[in-house]
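S.K.: Have a look at this one before I ask anything.
Since every read-out is calculated from the coordinates, none of them should be taken as a lab result. Owing to the predicted nature of the structure, the values given are computational and were not obtained by experimental measurement. Here the Cβ positions follow ideal geometry from the backbone for every residue, glycine too, while neighbour counts run over all protein chains shown.
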Amino acid sequence: MAIAMTTGYSAQTEGALLCIDAASDWALTCVDQLAASDSHVLIDYGAADGGTAVGLWSKVLDRLHANQPQAHLTLIGNDLPSNDNVALAENLAQQIPRKAKPTVLVSARSFYEPSVAPGTVSFGFSATAMHWLSQSPGPLNSHTHVLASGDADALERFTTQAMKDWNYILELRSRELKVGGRLLTVNLSRDNDGLYLGHNGGKTRNVHDQLHQIWRRLADEGVISEEQYQQGTVLNFYKSPEEFMAPLKDDTSAAYRNGLRLVDERTVYVTCPYRRRWNENGDTAAFADGLMATIRSWSRHSFVSAAGEAAADRVYDELRQRIADAPSEWSLDYVEHHQMMEKVAS
Ligand SMILES: C[S@@+](CC[C@H](N)C(=O)[O-])C[C@H]1O[C@@H](n2cnc3c(N)ncnc32)[C@H](O)[C@@H]1O
């Protein structure tokens, strides 16, 4: 599946940076627990251009070097071949002058594939990336996002696909981790009240409903065909805490059999930084531009692949206008699930 973030990803995603910052305490806990070793491999799955995680990896490398000054550290940034992997390499290289003098590498492959040899990773990390599905679970004909669609049949198919994907991701990671290694996933999620990115329980408009309304109007006006309308689907899924934990509570799952165990989990809420700034300065034009760009960064490829660049551009022109017309009714609040795991001897 071709997913590509818009160029300049980290410049457009202040929220993702805050989500990573909110997980840095657990990232440090993970590396504090690593047994002494001659070398450690650290990997960031779905890193985009790596800019949002520079601060996190600085802290993690410094802490691990302080704990184990003799150990050689290797940091790998992973994302799809279609990602801006040159920018990722440059952001990873910012770590090279640190005292730990780490080796840095780029893995331009899907996290639905093995990334490194079995038993090599000491600390695996992923933020706001593993909600993308590996393939379409079939049509979603009445909406652009399954969780906002109210389509029970589609919800069942998407849930099944999401759980198959999550089990496989954890199986792959459980093979790559060495015994004693830690995995920390920071994922967009659905909380126990059903809230998720773009749906904050009605405090402001559901962002997915807004995208869908715009897309539907383009079909009604004949700008896109009915077939293109139906293909415009955001192929991701925000899992619940129970869904995230399921493979670790099932002693027959592949990840569990490989020794992957749940250490801790929590749900963390990150308020929309664009909205917070608008509350302070009332700059509606900047709010409309910034919020539109961050929504575009993760949704644009879905509309481009269905109906091309021009149609997608119409979506974001209209989106910016809607935000500018009613700024108090907009906010993109994050609901993230943190899951800390370790690999034990199996
Ligand atoms: C919202 S960005 C998150 C980037 C960064 N981790 C952060 O938190 O700021 C999601 C990233 O996941 C990547 N991604 C999606 N599916 C992927 C896959 N199958 N394998 C590797 N990366 C993937 C996308 O290319 C994108 O760069």
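S.K.: Which Cα, out of V263, S240, S305, lies furthest along the positive dipole direction of segment 9-343 (beta carbon charges, K/R +1, D/E -1)?
M.R.: Farthest along the dipole direction, towards plus: V263.
S.K.: Under 17 Å between alpha carbons: how many lysine pairs meet that in the chain, if sequence neighbours fewer than 8 apart on the same chain are excluded?
M.R.: Going through the chain pair by pair, I get 7.
S.K.: Roughly what angle does helix 207-220 make with the longest principal axis of the chain, taking Cα atoms, 0 to 90 degrees, to the nearest 10?
M.R.: For 207-220 against the chain, the angle is about 40 degrees.
S.K.: Something else: Within the chain, what percent of beta bridges assigned by DSSP are antiparallel, to the nearest 5?
M.R.: In the chain, DSSP labels about 45 percent of beta bridges as antiparallel.
S.K.: Loop-only trypsin sites (Lys or Arg not before Pro) in segment 62-149, please: DSSP not H, G, I, E or B, and at most 16 other Cβ atoms within 10 Å.
M.R.: R98, K99, R109
S.K.: How long are the three semi-axes of the equivalent ellipsoid of segment 220-346, in whole Å, if each is the root of 5 times an eigenvalue of the C-alpha gyration tensor, listed from largest down?
M.R.: 38, 23, 10
S.K.: Calculate, in nm to one decimal, what L155 and R276 gain on full extension: separation in residues at 0.36 nm each, minus their alpha carbon distance.
M.R.: Going from the current span to full extension adds 40.3 nm.
S.K.: Considering all alpha-carbon pairs of the chain, what whole percent are spaced by more than 32 angstrom?
M.R.: Here the long-distance tail beyond 32 Å is 30 percent of all Cα pairs in the chain.
S.K.: Take N192 and V263, extend 7 Å from each Cα along the Cα→Cβ direction, and tell me the distance between the two endpoints in nm.
M.R.: 2.4 nm
S.K.: Now for a separate question. Output the 0 to 90 degree angle, nearest 10, between the alpha-carbon long axis of helix 284-307 and the longest principal axis computed from the alpha carbons of the chain.
M.R.: 90 degrees
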